[in-house]
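Student: If you scroll down you'll find the structure; I have some questions about it.
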Amino acid sequence: MTFRSRVITATVAAAAIAVILACFASFVTTRNSLISSVDESLSGEALAFMNHDDVHIGAWLVLPNGQTGAPSSIPIDATVLAVAKGKSAQVFRTVAIGTHNYRELIVPIAANSLVTCANGTMCKIPTTSAELLITDIDGQVNELRSLVRTLMFVAIGGLLLALGLGLFLARTALRPLEDVTNEIETVAETSDLGYRLTEGENDELGRLRRVFNRLLSTVESSQTLQRQLVVDASHELRTPLTSLRTNAQVLSRAQELEPDDLRQLTDDMVTQVDELAALVTDLGELSRGERSEGVIESLRLDECLDECVGTARTYARIKEITIDVNVESSSVLGRRDRLERAISNLLTNAIKFTPHGGRIVVESHGGTIAVSDSGPGIAVADQPFIFDRFWRSASARALPGSGLGLSIVAQVVAELDGSVSVDRDPNLGGARFTIVLPISDDF
């Protein structure tokens, strides 16, 4: 069932319920009013009968044995006999006799009551009895039947009117939604992510348009970043591949090279392959996007730092670099592999730029990580670009690396709803990177 059909069905159903309830209420009100009027008339005639006044409708005295004070063709059933025997109270009821409808009132009469006998004299009845009053209500029944026919026509007319209004309202109300759908279909067919819907008024459709425009902006931005990543990656891959190709061509004349030159050539090729492998690994990390797979859990930050520092010290010994650690116990929310990758990248970056025999300090408390080094630091002019993909300062272009390590740090920290910043350490004089992560309540 289409949305339009649902709107029409709901409109017609609501109107049908309202019309049916109104017709039913009208019928019940009219019926009760007519019956109440007849019952009041019967009650008045019963009072006149008891006072021995003239009665203008049919009235009979019914004895407990079923006999009537005057001949009558009115059926005497168990209900009448129960009242005559004193076993039931006053009864109003509607009965059908032949083809006619009557309203009856049966009133109990106590024993030894004076009643008017058939010959017109007053008689005392030693037993209980009943007064039976009856009046023809064919006129009222015909009025009710006429009312039912009228209400049926009204109900049918109301339903037809509701159907027409439902069609009109559905067409009118859904036209703006159809316009939005047509615009979205245009975007889907043309793949034009730069297209934006007219936001319109501040209503539900306006909100839908604004949300879709934000979605288009997000997808367009993501696509732009992906394209830029491919362009930058191809540029970065071109240099080591060209160098490898050149070295491979030279290696084809290995017999003409001196042993030292041949050893240097193979060492350069191994270094270039290592750079390519590191670049491919970093590209794999960046391809995860802002959200990676895995469950965010509570992690002991001090334990992650100890593990990363232990690995970094293995590489720091080559340059006789000292890594000092001042870590307090704390717990943060994150993914362990991603968090350790970000910390390792900061430590690797610090080792790369710290001179021989230099010093690195790692500090942590309350969800904050600070990695400082005694290297040359980062110029203030370069700090806004330090976390961009493939960006490398002029002083770092001669060093090995892909320019993606700090970009991965920024991506991991953003994924964990944290922040990362860089400045100059006042004590060591080099760069200081600071990561702030949300603290876990489980600690």
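Readers should treat all values here as calculations from the given coordinates under stated rules, not as data from a laboratory. Fair warning: this is a prediction, and the values are worked out from it, not measured in the lab. No Cβ is skipped: glycine too gets one built from the backbone with ideal geometry, and neighbour counts run over all protein chains shown.
Student: Just subtract the alpha-carbon distance of Ser146 and Ser243 from 0.36 nm times their residue separation and send over the number in nm, one decimal.
Tutor: Working it through step by step, the gained length comes to 24.6 nm.
Student: Taking 7 Å along the Cα-to-C-beta vector as the label spot, tell me the Asp203-His100 distance in nanometres, rounded to one decimal.
Tutor: Result: 6.4 nm between the two label points.
Student: Computed over the Cα atoms, what is the radius of gyration of region 297-436 divided by 2.2 N^0.38 Å, N being its residue count?
Tutor: My calculation over the Cα atoms of region 297-436 gives 0.97.
Student: Treating only the Cβ of Lys, Arg, Asp and Glu as charged (+1, +1, -1, -1), what charge dipole size does region 18-172 show about its Cα centre? Round to the nearest 20 debye.
Tutor: Roughly 580 debye, rounded to the nearest 20.
Student: Just tell me which lysines come within less than 16 Å, Cα to Cα, of Lys352; anything on the same chain fewer than 8 places away is out.
Tutor: Hits, sequence-local ones excluded: Lys319.
Student: So for the pair Ser191, Leu251, with labels modelled 7 Å out along Cα→Cβ, what separation do we get in nm?
Tutor: 3.9 nm
Student: For Lys87, which lysines qualify as cross-link partners when the Cα separation must be under 30 Å and same-chain residues fewer than eight apart are set aside?
Tutor: Result set, ordered by chain and number: Lys124.
Student: Principal axis lengths of region 3-143 from Cα atoms, whole Å, largest first?
Tutor: 80, 28, 26
Student: Further question on the same structure: Within the chain, which whole H helices from DSSP have a Cα span along their axis of at least 20 Å and a mean Kyte-Doolittle hydropathy of 0.0 or more, if any?
Tutor: Those that pass (Cα extent of 20 Å or more, hydropathy at least 0.0) are 3-50, 138-190.
Student: Test of understanding: what is the full-extension gain from Thr322 to Leu163, defined as 0.36 nm times their sequence separation minus their Cα-Cα distance?
Tutor: Extra length available between Thr322 and Leu163 comes to 48.8 nm.
Student: Another question, then. Measuring from centroid to centroid over Cα atoms, what is the spacing of region 185-200 and region 418-432 in Å?
Tutor: 44 Å
Student: What is the P(r) of the chain, as percent of Cα-Cα pairs per 20 Å bin from 0?
Tutor: Percent of Cα pairs in each bin: 16, 24, 15, 12, 13, 13, 5, 1.
Student: Starting at the first residue of region 360-365, write each ³J(HN,Hα) from the Karplus equation 6.51 cos²θ - 1.76 cosθ + 1.60 with θ = phi - 60°, in whole Hz, x for Gly and Pro.
Tutor: 10, 10, 10, 10, 7, 6
Student: For Phe24, Phe387, what ranking results if the residue with the fewest other Cβ atoms within 10 Å of its Cβ goes first?
Tutor: Phe24, Phe387
Student: Also, quick follow-up: Anyone know which of Tyr315, Tyr102, Tyr195 comes out most mobile in the 10 Å Cα GNM of the chain?
Tutor: Looking only at Tyr315, Tyr102, Tyr195, the largest GNM fluctuation is found for Tyr102.
Student: For Pro64, what charge total do you get from the other residues with a beta carbon under 11 Å from its beta carbon, if Lys and Arg give +1 and Asp and Glu give -1?
Tutor: Summing Lys/Arg as +1 and Asp/Glu as -1 gives +2.
Student: Ranked from highest to lowest mean number of other Cβ atoms within 10 Å per residue, what is the order of the peptides 317-325, 61-69?
Tutor: 61-69, 317-325
Student: Between beta-carbons, use under 12 Å as the cut-off and find the net charge around Leu215, counting Lys and Arg +1, Asp and Glu -1.
Tutor: Every neighbour counted, the sum reads +3.
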